[in-house]
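The structure appears below as structure tokens.
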Amino acid sequence: MQESKIKVQTKVPLRGLSTFKIGGDASHLFMLENKKDLKDAVAYAKENDLPIFVLGGGSNILFADSGISAFVIQVLNKGKEYKKIDDLHVLVTAEAGETWDDFVKWTIENHFFGLENLSSIPGTVGASPVQNIGAYGVEVKDLIESVEVFNIQTSEYKTLTNTECAFGYRNSFFKTEEGKNLIVVSVTFTLSLVPNINISYKDLSNHFKDIVPTPFEVRDAVIEIRKGKFPDLNIHGTAGSFFKNIICNESDIAKLKADYPLMPVYKAGSGFVKISTAFVLDKVCGLKGFRIGNVGLYENQSLVVVNYADATSTDVREFISKIKSIVEQKTGIRIEEEVILA
Ligand code: EPU
């Protein structure tokens, strides 16, 4: 084999690269520090007939115990720049390997506002459009101007507009068959130079009561609220919300709503509603804190699956299929994973 231009590691444990702390080995791993190396990396994978697997912060993924036989590109390229476009707005571009929350903190410190409700979410900037991350009444699609990508098939860079990203609830063009050929290189956000506070989400309005907070205070509040709901990643393995909230026909949940009037129901477009899976798991199915061996639903937030100690991927998969069948038996609803099963 010809000497490679890039440094590729073999048989790398994925456990340490995922916040679930679960998984076998990656057959090949390349740490992408500079976006210019993408061409060589993709060429290497093609020459060696290896499928490409793009890894960000590993915070939304459950790797198999058998690992993956692929060329894993760990996206680590960093860099930020900004350009004021008028008195009220600034375009901020961050490279995909920036840690999401470090980036959010940096924007607020520079008085570029809009991302404060998305504080403290684990993962990278590059994963944010793929998943259309959202929390506390804000989705990242509301702030994304464009996304720079590298096309694996054509080996070309391209910039997608917000519309071309086809964002949906925890969904985007990047999750489609065609979109899977794209590696996110950098993301450009339109942020506000003046505070644009959104505390409509219940947890935040309860927190602030009648006070109008600053963006700094909103960030601090979100960090505090999340601390109460999500396990400390330094102590337990988890990938945050394991399941998506449920989107269904309003008529399908009429009986459930009648039986559980306190169940939160949000409009989700013509005839559709979004209901809280956490509520269904907790209040309808009594599963909050439910545990089998080392895997359980977190006692402070039932949507969160926790690896309490050395659980395997098989343990988690068996656990979630049990949860799904209990929910289906009780409500007729099939809940879906938000976490990627690799
Ligand atoms: N609830 C319960 N029991 C629980 C937790 C929640 O009954 O154990 C009910 C409450 O009625 C609450 C409602 O569920 O009002 C909603 O719960 P919460 O506000 O905690 O949010 P969520 O819908 O469960 C979503 C996102 C989170 C995001 C939060 C905050 C998804 C899948 N999850 O959770 O995002 O941080 O809202 O905005 O959309 C993630 O995607 O990984 C994630 C963490």
When the residues of segment 251-275 are filtered to those that are touching a strand residue (DSSP E or B) at 6+ places or on another chain (Cβ under 8 Å) and near the ligand (Cβ under 10 Å from one of its atoms), which remaining residue is farthest from residue 171 (Cα to Cα)? 263
Quick test for you: out of 298, 266, pick the one residue that is within 24 Å of the chain's Cα centre (by Cα) and either charged (D, E, K, R) or closer than 30 Å to residue 16 by Cα (or both). 298
Can you pull out every residue in segment 160-190 that is touching a Ser or Thr at 6+ places or on another chain (Cβ under 6 Å), in contact (Cβ under 8 Å) with a residue 24 or more places away in the chain and not small (Gly, Ala, Ser)? 165, 188
If you go through 300, 234, 245, the only one that is out of contact with any strand residue (DSSP E or B) (no Cβ under 7 Å at 6 or more places or on another chain) and within 21 Å of residue 134 (Cβ to Cβ) is 300
Would you list the strands (runs of 3 or more DSSP E) that sit entirely within segment 1-105 and hold 3 or more residues that are over 30 Å from residue 309 (Cβ atoms) and among the hydrophobic types (A, V, I, L, M, F, W, C)? 89-95
Segment 312-335: number of residues that are more than 16 Å from the ligand (Cβ to nearest atom) and open to solvent by less than 10 Å² (accessible area, probe 1.4 Å): 2
Failed criterion for residue 243 (all others in (1) at pLDDT 95 or above; (2) surrounded by 16 or more Cβ atoms within 10 Å (Cβ to Cβ); (3) more than 8 Å from the ligand (Cβ to nearest atom) hold): (3)
Mind checking whether some residue in segment 195-203 is outside any loop (DSSP other than H, G, I, E, B) and either outside the structural domain of residue 291 (by TED's automatic domain parsing) or more than 17 Å from the chain's Cα centre (by Cα) (or both)? yes
Considering each of 285, 248 in turn, give the residue that is open to solvent by less than 50 Å² (accessible area, probe 1.4 Å) and away from the ligand (no atom under 12 Å from the Cβ). 248
Does residue 5 count as open to solvent by 70 Å² or more (accessible area, probe 1.4 Å) and touching a helix residue (DSSP H, G or I) at 6+ places or on another chain (Cβ under 7 Å)? yes
Does residue 280 fit the bill of being in contact (Cβ under 8 Å) with a residue 24 or more places away in the chain, within 16 Å of the ligand (Cβ to nearest atom) and assigned to a helix (DSSP H, G or I)? yes
Looking only at segment 135-147, and only at residues there that are touching an Asp or Glu at 6+ places or on another chain (Cβ under 9 Å) and part of a strand (DSSP E or B), the one that is least open to solvent (accessible area, probe 1.4 Å): 147
All positions within segment 284-308 that are touching a residue at least 60 places away in the same chain (Cβ under 8 Å), in a loop (DSSP other than H, G, I, E, B) and out of contact with any Gly (no Cβ under 7 Å at 6 or more places or on another chain): 298, 301, 303
When segment 220-240 is examined, which residues are found to be buried (at least 23 other Cβ atoms within 10 Å of the Cβ) and either away from the ligand (no atom under 12 Å from the Cβ) or within 15 Å of residue 320 (Cα to Cα) (or both)? 237, 238, 239, 240
Would you say residue 181 is surrounded by fewer than 16 Cβ atoms within 10 Å (Cβ to Cβ), touching a Leu at 6+ places or on another chain (Cβ under 8 Å) and among the polar types (S, T, N, Q)? no
Among the listed residues 305, 280, which satisfies the condition of being under 25 Å from the mean Cα position of the chain (by Cα) and closer than 15 Å to residue 231 by Cα? 305
Of the candidates 41, 64, the one satisfying the condition of being within 19 Å of residue 181 (Cβ to Cβ) and not polar (S, T, N, Q) is 41
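The values are calculated or read from the model by the stated rules, or taken from the named source; none is laboratory data. Being a predicted model, the structure only gives us computed values, none of them experimental. Backbone-built Cβ (ideal geometry, glycine too); neighbour counts: all protein chains shown. Quick note on the areas: whole protein, heavy atoms, side chains included, nothing else; ligands and nucleic acids left out. Shrake-Rupley method; radii C 1.70, N 1.55, O 1.52, S 1.80 Å.
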